[in-house]
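Below is one structure, written out as structure tokens, with a few remarks after it.
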Amino acid sequence: MAINELLRKYNVAAPRYTSYPTVPYWDNDQFNAAQWKQRLITAYSLHKLEGISVYIHLPFCESLCTYCGCNTRITKNHGVETPYISALLKEWKMYCELLGEQPKIKEIHLGGGTPTFFSAENLKHLLATIAGGNRFDEQATCSFEGHPDNTTAEHLQVLYELGFKRLSLGIQDFDPKVQFMINRYQTPQQVKAITDLARSIGYQSVNYDLIYGLPGQYKEGLKNTVEEVIALRPDRIAFYSYAHVPWIKAGQRHFTENDIPQGDEKFALYETGRQMLVNAGYEEIGMDHFALKTDSLYIASKEGKLHRNFMGYTDQHTPILLGLGVSSISDCGTAFAQNAKTVEEYKQVIASDELAVQKGHLLNLEDIQIRRHISNLMCRNQTDFGAVVDTPVLSRLQPMIDDGLVSVNAGNVTIKALGKSYLRNVCMAFDARLWQRQPQTQLFSAAI
Ligand SMILES: C[S@@+](CC[C@H](N)C(=O)[O-])C[C@H]1O[C@@H](n2cnc3c(N)ncnc32)[C@H](O)[C@@H]1O
């Protein structure tokens, strides 16, 4: 089948599978905070020696990037920093009390919003307390997202001294016309200055986020952006598909659907960028990610140690992830829990000495098996059922087998080279909860 026909056939609404079950399919009615605590304590008693991952959501941004799909709060008032940090520290203390000790941290990531909205001094207070001393363990993987506009030398230095060795810069696109449409401005010179400084301080991995499918984006402009990026040689690149979800994120109504490249046009943008990155020595990893061969993400993927969680792809695996802050999601392997989604609600619940957990899901055995298959597909391009593939999965995969996207050999399902662009569609064939309850309205962005 021609590429254009494949695109038309498979460009349906599809989850990005940072979890299974996906958030809209969680059984919130069957969940409460007491059960979450119980499952977390049990998981911790089994896995404490392995250490845990921590995600901290820092939602504030000084201005609205109209494309943004993340949980953010736009404000220029930096008076919000201290009360929010106090709530985070109280939440951390409640978790430590629940677990009976300060857990060993193997991985920590600061996401947003804009973590560098916070002063270096405030971040130091937050993180040194969470580290339980002056800095994180030498072996821990510590990373943060920075906005090129407000990441300062002081941020880089202070975080490095705390143990942070990875920096992720949001770029999205360097084309001035696209930057105007998405209300987000940064020049290659600015990005180069921060990258050079980070490297001179000792940061070992610099990631850039790029997006294809943004309003006003076209092939030549994207080529220029990718060329600028290649010249700066980040260790990793996340090349995301623009997720258009204006029914959730009103900011995306600042432009119209006519401004957004879709279908064949959007796919051609991805292909152009992908080819340029591969030609420049980057290896394609899982979905949307590229890394130099020297980067730990590439090494983990070669060694079959790549993982995927709510933070995206990672080379670390811990059975427990604690999400602190507004809207953060935690995962203890047998349950998910998500915090309150507004800053006010989050702070209010924490102030009443309760965890801010508002919704969640208790995984049953079938969920755990499906989760394993989806993680295998996302991270290793294949999965194994043992003797035979489950019949409903096989019948849902059949069109993709016929179209040469997937091969099935006894109990093994492997994604073929042509199928890599349709990873989300392949995972959907495994998503029992989605097939049991087809959505009445659109929940997810388009697969391509
Ligand atoms: C929360 S943002 C953090 C960016 C960083 N704090 C900054 O401001 O530069 C994380 C990344 O998610 C990606 N992202 C946000 N909204 C998106 C959307 N609608 N579609 C695809 N990717 C998106 C962007 O690449 C962004 O850099």
message: Out of the residues in region 114-138 meeting the condition of being modelled with pLDDT under 95 and of a type in the set (Gly, Ala, Ser), tell me which one is surrounded by the most Cβ atoms within 10 Å (Cβ to Cβ).
response: 132
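When you scan region 380-398, do you find a residue that is over 26 Å from residue 38 (Cα atoms) and touching a residue at least 60 places away in the same chain (Cβ under 8 Å), even just one?
Yes.
Of all residues in region 110-139, which are within 25 Å of residue 74 (Cβ to Cβ) and small (Gly, Ala, Ser)? Before you say what the answer is, go through the steps one by one.
Applying the first criterion (within 25 Å of residue 74 (Cβ to Cβ)) to region 110-139 yields 110-127.
Answer for region 110-139, where residues must be within 25 Å of residue 74 (Cβ to Cβ) and small (Gly, Ala, Ser): 111, 112, 113, 119, 120.
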statement: Among (1) surrounded by 15 or more Cβ atoms within 10 Å (Cβ to Cβ); (2) farther than 29 Å from residue 314 by Cβ, residue 380 falls short only on (2)
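When region 40-80 is examined, which residues are found to be of a type in the set (Phe, Trp, Tyr) and over 23 Å from residue 126 (Cα atoms)?
Within region 40-80, the subset of a type in the set (Phe, Trp, Tyr) is 44, 55, 60, 67.
Hits for region 40-80 are 44, 67.
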field: Sole exception among (1) touching a helix residue (DSSP H, G or I) at 6+ places or on another chain (Cβ under 6 Å); (2) farther than 19 Å from residue 144 by Cβ for residue 284, by number
entry: (1)
query: With (1) within 15 Å of the ligand (Cβ to nearest atom); (2) among the charged types (D, E, K, R); (3) in contact (Cβ under 8 Å) with a residue 40 or more places away in the chain as the list, and residue 257 as the residue in question, which single condition is left unmet?
result: (3)
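The values are calculated or read from the model by the stated rules, or taken from the named source; none is laboratory data. Because the structure is a prediction, the values reported are computed rather than measured. We place every Cβ from the backbone using ideal geometry, glycine too, and count neighbours over all the protein chains shown.
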